[in-house]
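Following this message is one structure expressed as C-alpha cells.
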Amino acid sequence: MAKSQQTYNKTEKEKKRLKRREDKQKKKEARKAAAKESGGGIQFAYVDQYGNLTDTPPDPADKIKVDAESIVVGVPKKEESDEDPFDPVRQGKVSFFDSSKGFGFIIDSENQEKYFTHVSGLIDEIVENDKVSFELEKGMKGMNAVRVKKV
C-alpha cells in the first residue's frame, strides 16, 4: 500500500511540473505575438537633450561643439597664497577652569563658541574670567583650545 501511494505522489508531481512548463511556454508565445502586433517596439533609441529616451534622432543643428581640453575631471587645485585666510591665534575668555582636575572651557570672543582646554595645552596658568589668546586643534570630541596664554 505504501509503495502505490508513493508512486501516485510522484506521478502527480510530474503532472504539475509538466503543466507549469506548458503554461510558461504559452505565456512566452503570447508575449511574442503581442510584440509583433504592436510593431515590435522601438528599433533604435536616442537620448534627447533632457536625458529622456526617444525614437526620433536628434537634430544636427542643435549639436554643440565641446573642446575636450576644457573638461576638468576631479577637484581643481587650490592656488597657494602666502597670507593665511584666518588668523590661527584667537582671543577669548576663560568661562570655567578647575585647576585640581586640570581642565576648563574658553569662550571665543569672535563667535561665542565654547572650547575645551586641558592643563597640558596651557602656556600660562589661568583662572576664570581671564582674557586669553589660544589656537584650536582637533580633539577626540571636537575642537580643543591649545597654546593658551594670558593677554
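The values are calculated or read from the model by the stated rules, or taken from the named source; none is laboratory data. What you see is a predicted model, and the numbers here were worked out from it, not measured in a lab. Counting neighbours? That spans all protein chains shown, and the Cβs are built from the backbone with ideal geometry, glycine included. Surface accessibility is based on the protein's heavy atoms, side chains included, excluding ligands, DNA and RNA. Shrake-Rupley method; radii C 1.70, N 1.55, O 1.52, S 1.80 Å.
Within region 93-124, can you find the residues that are closer than 16 Å to Gly142 by Cβ and of a type in the set (A, V, I, L, M)?
Ile106, Ile107
Does at least one position in region 85-96 carry a residue that is modelled with pLDDT under 95, at positive phi and open to solvent by 100 Å² or more (accessible area, probe 1.4 Å)?
no
State all residues of region 100-111 that are closer than 13 Å to Val148 by Cβ and open to solvent by 60 Å² or more (accessible area, probe 1.4 Å); if no residue qualifies, say none.
Phe105 - this is the single residue of region 100-111 that is closer than 13 Å to Val148 by Cβ and open to solvent by 60 Å² or more (accessible area, probe 1.4 Å).
Tell me which residues, restricted to region 13-35, are open to solvent by 100 Å² or more (accessible area, probe 1.4 Å) and of a type in the set (Lys, Arg).
Answer for region 13-35, where residues must be open to solvent by 100 Å² or more (accessible area, probe 1.4 Å) and of a type in the set (Lys, Arg): Lys13, Lys15, Lys16, Lys19, Arg20, Arg21, Lys24, Lys26, Lys27, Arg31, Lys32.
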